[in-house]
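A.B. asks: Before I ask anything, let me first share the structure, which is written out below as structure tokens.
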Amino acid sequence: MTPRPAATLGELFDTAFARHCDRPAFTSMGTTLSFGEVERLANAFGAFLRRDLGLAPGERIALMLPNLLQYPVALAGALRARIAVVNVNPLYTAPELQFQLADSGAAAVLVLENFAHTLQAALPGTAVRHVLVTQLGDLFPPPKRWIANFAARHLRRMVPQWRLPQAIAFRDALAREARLETGPRPEDIAFLQYTGGTTGRPKGAVLTHRNMAANTAQVVAWAGDVLKEGEETVVTALPLYHIFALTANLLVFTALGGRNLLVANPRDLRGFVRELSRTRFTAITGVNTLFAALLAAPGFDAVCRANAGALKLAVGGGMAVERSVAERWQRATGVPIVEGYGLTEASPVVCANPADAREFSGTIGRPLPETEVTIRDESGAELPTGEVGEICVRGPQVMQGYWNRPEETARAFHPGGWLRTGDLGRRREDGSFEFVERAKDVIVVSGFKAYPSEIEAAAKSHPGVADAGAVGVPHPRSGEAVALFVVRRDPALTADALAAHCAARLAPYKRPVRIEFRDELPRSPLGKILYRELREIARAS
């Protein structure tokens, strides 16, 4: 039986806790919490925020945590207590963290002690009144808890020195059995979810309980009979502080009574593969770089053999999935990558290919239930099928606006409530959509549009190229020209050889006028190329 849609995330959690009390909910580093255990801990944490700290409904708490058991406990507790959550990347520098805390007006913050030194430097100038600190093993049973915390501090030296005299231990906040009788309302803010900041200062998208509950229900409906209530285990390697994994993994699989296998550090491929080898998993979400890294990881072929017949669904999002990666994935696992499309401002999922697709399509599929998508020109006029324009979205998952930024909110919408995504795409004859490029990343050469993804694909078709990023740089005759940054697979590859390779595959205006080799490209935690940083590098060199 598919769970009925919830009006709020509080109702979503309450229903899951009641229906699946004894089932496993979250597993991290070999320790599993059942839904009933998460409920007990979340109740205690929510009550602590309201009664002990005195936080009022609508105040904000920042969560600065990797994928650990503490995250779902703190999240459910805060949301059920009507406290809005501000998700924070634990790897932020002090200035980045200070901006987000100050901009959101967060009254409290929960941080893993590994990053408490950053918080210490960032607190001045913020409205934070309460600091809670957790240790790596806080929700492990003893003696595993003590061993994990000792090892993190003294053996692996993962915890830089920090001093926050006012800090409250997370375990102390969970010490009392408690329950909150009232829950959130649909119009309450659930998240101030900050955009990645790849095109300037991050902005907080205001996402209500209604927005997030609606998108969760839409994704559950999209999954249909592919996923069964109470039977699934999803691999959660993408960070939960990012909207993709937050909705597609934590919320969707909580609604389904499934288990989340939390991977705190997917960059440790050896440890990641070891975790996978211990678990029969039925679903996985990822981005192109994650799927490619797993396929290249020693031992992943053995994982695929051991997990044969279990995997039902692999979902790709966050960035375009390369066809070569998708084809290798399907050969290795027997399951295609089902690509979708979304953005922070839409909670995030907008479109997806069928959950029961038999092969990779290379498109972003069709709109989710109750979601409208159109392609529009710069004036807001709708474009006919086949023409490239801005993807615009309307539906119950679309944000209320940007936090304290009325002018930017106004610019983000066309009349009638149509969200301007800033992404370029086209509608196909069959009603599905194609993603073309981020509008701000398109390179305009003498009036012709050159798409970085097309140029990068041409470069990466050379066997000596491991990675590539294309950006526009000023040019005296054409306005802009293409600069290509490349990570070599073959150290002997030359710029002239790669330029000749591209010239055979690209029209003259798309060909790079500069090729630079680098050890790595700047990428976000989700694996997206940070084009703004790449443009700054190009224009400084």
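A.B. asks: Can you tell me which of (1) touching a Cys at 6+ places or on another chain (Cβ under 8 Å); (2) open to solvent by 20 Å² or more (accessible area, probe 1.4 Å); (3) not aromatic (Phe, Trp, Tyr) is the one residue 373 doesn't meet?
C.D. replies: Residue 373 satisfies all of (1) touching a Cys at 6+ places or on another chain (Cβ under 8 Å); (2) open to solvent by 20 Å² or more (accessible area, probe 1.4 Å); (3) not aromatic (Phe, Trp, Tyr) except (2).
A.B. asks: I would also like to ask the following. Answer yes or no: is there a residue in region 127-141 that is among the basic types (Lys, Arg) and surrounded by 23 or more Cβ atoms within 10 Å (Cβ to Cβ).
C.D. replies: no
A.B. asks: Going through 428, 518, 505, 489 one at a time, which residue ends up being modelled with pLDDT under 95, surrounded by fewer than 18 Cβ atoms within 10 Å (Cβ to Cβ) and of a type in the set (D, E, K, R)?
C.D. replies: 505
A.B. asks: So which of 487, 436, 445 is in contact with a His (Cβ under 8 Å, 6 or more places away or on another chain) and either among the β-branched types (Val, Ile, Thr) or under 26 Å from residue 352 (Cα atoms) (or both)? Show your work before the answer.
C.D. replies: Values: 487 fails: in contact with a His (Cβ under 8 Å, 6 or more places away or on another chain); 436 fails: in contact with a His (Cβ under 8 Å, 6 or more places away or on another chain).
Among 487, 436, 445, only 445 is in contact with a His (Cβ under 8 Å, 6 or more places away or on another chain) and either among the β-branched types (Val, Ile, Thr) or under 26 Å from residue 352 (Cα atoms) (or both).
A.B. asks: Here's something else I'd like to know. Just to be sure before I move on: is residue 458 at pLDDT below 95, over 25 Å from the mean Cα position of the chain (by Cα), buried (at least 18 other Cβ atoms within 10 Å of the Cβ) and not in a strand (DSSP E or B) in the structure I sent?
C.D. replies: Criteria met by residue 458.
A.B. asks: Also, I was wondering about something else. Taking residue 291 as meeting all but one of (1) more than 29 Å from residue 436 (Cβ to Cβ); (2) part of a helix (DSSP H, G or I); (3) within 17 Å of the chain's Cα centre (by Cα), write down the number of the exception.
C.D. replies: Evaluating residue 291 over (1) more than 29 Å from residue 436 (Cβ to Cβ); (2) part of a helix (DSSP H, G or I); (3) within 17 Å of the chain's Cα centre (by Cα) leaves (1) as the failure.
A.B. asks: Then there is this: Answer with yes or no whether residue 303 is under 25 Å from residue 195 (Cα atoms), of a type outside the set (Gly, Ala, Ser) and either touching a Cys at 6+ places or on another chain (Cβ under 7 Å) or at pLDDT 95 or above (or both).
C.D. replies: Criteria not met by residue 303.
A.B. asks: Taking residue 254 as the residue in question, decide whether it is buried (at least 23 other Cβ atoms within 10 Å of the Cβ) and in a helix (DSSP H, G or I).
C.D. replies: yes
A.B. asks: What are the pairs with Cβ atoms under 8 angstrom where one residue, in region 371-398, is modelled with pLDDT of 95 or more and the other, located anywhere, is of a type in the set (Val, Ile, Thr) and in a loop (DSSP other than H, G, I, E, B)? Sequence gap at least six, or different chains.
C.D. replies: Partner pairs satisfying both residue conditions: 375/388; 393/371; 394/371; 395/371; 397/371.
A.B. asks: Checking the condition open to solvent by less than 50 Å² (accessible area, probe 1.4 Å) and either assigned to a loop (DSSP other than H, G, I, E, B) or of a type in the set (A, V, I, L, M, F, W, C) (or both), which residue from 302, 320 passes?
C.D. replies: Going through 302, 320 in turn, the sole match is 302.
A.B. asks: Going by what's in this entry, would residue 41 be described as closer than 17 Å to residue 247 by Cβ and either open to solvent by 40 Å² or more (accessible area, probe 1.4 Å) or not in a loop (DSSP other than H, G, I, E, B) (or both)?
C.D. replies: The answer is no for residue 41.
A.B. asks: In this structure, does residue 289 turn out to be open to solvent by 10 Å² or more (accessible area, probe 1.4 Å), modelled with pLDDT under 95 and in contact with a strand residue (DSSP E or B) (Cβ under 9 Å, 6 or more places away or on another chain)?
C.D. replies: For residue 289, the condition - open to solvent by 10 Å² or more (accessible area, probe 1.4 Å), modelled with pLDDT under 95 and in contact with a strand residue (DSSP E or B) (Cβ under 9 Å, 6 or more places away or on another chain) - is met.
A.B. asks: Additional query: Here is a check on your reading of the model: is residue 34 open to solvent by 10 Å² or more (accessible area, probe 1.4 Å), closer than 30 Å to residue 274 by Cα and either at pLDDT 95 or above or among the basic types (Lys, Arg) (or both)?
C.D. replies: Numbers: open to solvent by 10 Å² or more (accessible area, probe 1.4 Å): yes; closer than 30 Å to residue 274 by Cα: yes; either at pLDDT 95 or above or among the basic types (Lys, Arg) (or both): yes.
When the stated conditions are applied, residue 34 passes them.
The values are calculated or read from the model by the stated rules, or taken from the named source; none is laboratory data. These figures come from a predicted structure and were not determined experimentally. Please note: Cβ atoms are built from the backbone with ideal geometry, for glycine as well, and neighbour counts cover all protein chains shown. Only protein heavy atoms, including side chains, enter the accessible area calculation; ligands, DNA and RNA are left aside. Shrake-Rupley method; radii C 1.70, N 1.55, O 1.52, S 1.80 Å.
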